[in-house]
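First the structure, in the form of structure tokens, and then the observations on it.
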Amino acid sequence: MSDTDERAGKDSPIDWFGTRARRIPPQPNGSAEPLSSRTMQLRVLPPVPADPDPGYSFVEPPLPGWTLPPVAGMGWAADAGRRRRLISRGLLLVVLVLQAALSLRLSNAAFEDEALYLYAGHVEIGHLFYGQSDYGGFDTYFSGAPVLYPVLAAAVDSVLGLAGARAMSLLFMLTATCCLYGVTRRLFNERAGLCAALLFAVSMPTLFLGNFATYDAPAVCLLAVSAWLLVVVAPRHWALVAAVGPVAALAVAVKYASALFLPTLTLLLVLAAYRHHGTRQALLRGVLFAAAAIATLVTGLLASGYLSAVQSTTTARTHGTTPAWQILEDTGRWAGLPVAVAVIGTVLYARTARLSEVPGWRQAVPGRRWRTCAGVLLTGTALLAPAYQIHLQTETSLQKHIGFGLFFAAPMAGVGVTRLMGAHFKFPQWAIAIGVLALTLGMNQSATYYGSWPDTRYLIPQLSYTVRPGQHWLGDPKEGPVYYLSRNGLTSYQDWLSFFYIDYTTSDGRHLTGVPGYRAAIDAGYFDGVVLNYAGGLAPAEQAVREEMRKTGRYRLTSSLPYQTSTGTGHFEIWVRQPTK
């Protein structure tokens with residue numbers, strides 16, 4: 001071989017893919033292929049450990065080229081590195097800031113439920129710590145223990161007012177979003193967790209409850225903490241699940257309707273434990289958790305005597321007249337999008353484990369039965385509250401109860417978004433479209449419902465000039481004036497009567513209820529003042545009272561205060577009894 005040929009072998013060119021070209025070896029008959037214009041014919045060969053052709057005096061060592069590694073079977077690998085954890089938590093923080101901003105933008109006066117619970121909390125504090133009379137009888141008709149959330153909210157209200165009590169609800173809902181991310185991350189992966197947290201954070205129930213001082217927000221938070229703890233302790237020692245039972249029982253004590261979701265928590269624990277311990281150990285953990293929660297509830301129920309309240313507000317509640325189609329329509333309007341995405345996620349996840357979102361599985365891919373059970377359990381929980389309210393034929397608090405089920409359906413909604421996007425964010429337009437639509441619906445619906453009750457910002461100052469301690473007032477609303485005016489010592493709960501019920505005793509000893517009772521009380525001048533809420537019309541009892549006041553001439557109209565809500569306009573009327581001559 002000549003020096004020229006040897007230099008050509010050493011300095012052979014490199015193609016675009018980083019592979020060194022090689023000169024074609026001589027033919028078997030000893031003749032070489034002719035070259036034209038001193039141009040060598042090139043052939044790209046795969047890199048080999050050693051050149052098997054002994055005709056070369058120089059063997060070029062193989063050079064690594066740019067190659068793509070095989071695509072991982074996991075959507076995101078289970079052993080998340082520090083960088084991915086930091087990015088995921090940073091994105092979760094962005095979601096939490098967005099949720100807080102959208103909830104805090106809502107503004108209105110205290111709703112009647114908020115005013116009632118806060119006032120009841122102050123009464124309970126006086127009874128528990130100062131021995132004052134518990135005259136409200138709140139334990140007989142509250143749908144949650146009056147010594148739990150109302151006391152906590154009243155303590156915050158004493159320092160920070162209504163805004164502080166509402167901020168506490170926001171803190172509860174932000175905690176629920178964090179727990180949702182934690183549950184979804186452990187069941188699936190970080191990407192599904194972020195999608196689930198975003199859909200839950202911008203939904204109407206979440207935004208509404210985040211600025212609403214009732215016991216719904218702490219109940220959702222406690223259920224969320226229970227679900228997260230169960231998923232965390234599922235792979236650990238079996239005795240740890242017993243410690244989670246009291247947390248779930250506390251959620252039921254805060255709001256009795258939370259018991260509807262205890263079976264979901266139990267089955268979620270069984271599925272999570274099956275991944276690590278098998279069927280027998282998983283069932284053992286489920287039974288232990290359920291027993292701990294039930295034992296705590298029974299003990300608390302026997303010690304408190306709240307059985308009548310549980311029956312009247314939850315288990316044996318009076319049925320209404322709302323048709324099923326209307327409940328389904330409102331459910332679809334407030335929660336239709338996340339539930340639909342959760343259904344898509346359930347179907348796609350059950351059909352194939354292509355992305356294999358579940359980390360830490362005993363095998364490479366979870367079985368189809370496990371995937372189907374997990375999807376049906378989580379997504380189906382979103383339908384429990386609407387189904388129960390269809391059974392009761394009432395829409396009372398439906399907009400709040402939907403949020404309980406959305407927490408459990410959100411993980412599958414997160415899986416649905418990741419499946420629609422595909423591996424490596426192949427179709428990001430799906431996530432963008434779903435996110436924008438969910439954000440738009442959540443903002444609009446929460447603002448509409450938050451502005452559906454009258455703003456009493458003008459009514460309360462006007463009443464403060466008129467109401468005096470010891471006077472008897474009839475009002476719609478009743479709870480708002482009692483809450484605001486009692487802070488200044490102008491009135492108390494027992495000084496007001498609503499249009500819901502009356503039992504008036506006449507001078508001759510007769511007990512009158514309903515419209516006759518209101519008419520008799522007006523004729524006798526029993527009330528020092530009356531507040532009417534004219535919202536496109538009056539209820540039968542209010543209309544009867546108004547007619548009676550005009551007929552007797554014992555009351556005069558002192559103020560007519562207009563207001564506007566998201567559903568229309570109306571006005572408050574303040575009637576004051578004239579002094580007798």
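The values are calculated or read from the model by the stated rules, or taken from the named source; none is laboratory data. Bear in mind that the values here come from a model prediction, so they are computed numbers and not experimental data. For neighbour counting, all protein chains shown are included, and Cβ atoms are generated from backbone atoms with ideal geometry for every residue, glycine included.
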- Message: Can you name every one of the helices (runs of 4 or more DSSP H) wholly within the range 285-402 that holds 2 or more residues which are at pLDDT 75 or above, of a type in the set (A, V, I, L, M, F, W, C) and over 27 Å from Val147 (Cβ atoms)?
- Response: 324-351, 368-381, 384-392
- Close pairs from the range 135-157: first farther than 20 Å from Arg487 by Cα, partner part of a loop (DSSP other than H, G, I, E, B) and modelled with pLDDT under 85, Cβ under 9 Å, at least 6 apart: Asp139/Gly305; Asp139/Tyr306; Thr140/Tyr306; Phe142/Tyr306; Ser143/Arg317; Ser143/Ser397; Ala145/Tyr306
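Quick grid of which residues meet (1) touching a Gly at 6+ places or on another chain (Cβ under 8 Å); (2) at pLDDT 85 or above; (3) part of a loop (DSSP other than H, G, I, E, B):
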site: Gly126; (1), (2), (3): no, yes, no
site: Phe129; (1), (2), (3): no, yes, no
site: Gly136; (1), (2), (3): no, no, yes
site: Asp139; (1), (2), (3): yes, no, no
site: Pro146; (1), (2), (3): yes, yes, yes
site: Leu152; (1), (2), (3): yes, yes, no
site: Val156; (1), (2), (3): yes, yes, no
site: Val159; (1), (2), (3): no, yes, no
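Considering only residues of the range 528-581 that are hydroxyl-bearing (Ser, Thr, Tyr) and over 46 Å from the mean Cα position of the chain (by Cα), which is surrounded by the most Cβ atoms within 10 Å (Cβ to Cβ)?
Filtering the range 528-581 down to residues hydroxyl-bearing (Ser, Thr, Tyr) leaves 534, 552, 555, 558-560, 563, 565-567, 569, 580.
Right, trim to over 46 Å from the mean Cα position of the chain (by Cα) and you get 552, 555, 580.
Details: Thr552: 13, Tyr555: 22, Thr580: 6.
Applying the filter and picking the extreme gives Tyr555.
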- For Cys178, are the conditions met, namely being in contact with a Gly (Cβ under 6 Å, 6 or more places away or on another chain) and on the phi < 0 side of the Ramachandran plot? no
- Message: Looking at the range 209-222, I want the residues that are outside the structural domain of Gly164 (by TED's automatic domain parsing) and modelled with pLDDT under 95 and have a partner that is outside any helix (DSSP H, G or I) and not acidic (Asp, Glu) with Cβ atoms under 6 Å, at least 6 apart or on another chain. Which pairs are those?
- Response: none
- Message: Considering only residues that are at pLDDT 90 or above and either assigned to a loop (DSSP other than H, G, I, E, B) or farther than 28 Å from Gly442 by Cα (or both), which ones fall in the range 79-122?
- Response: Arg105, Leu106, Ser107, Asn108, Ala109, Ala110, Phe111, Tyr119, Ala120, Gly121, His122
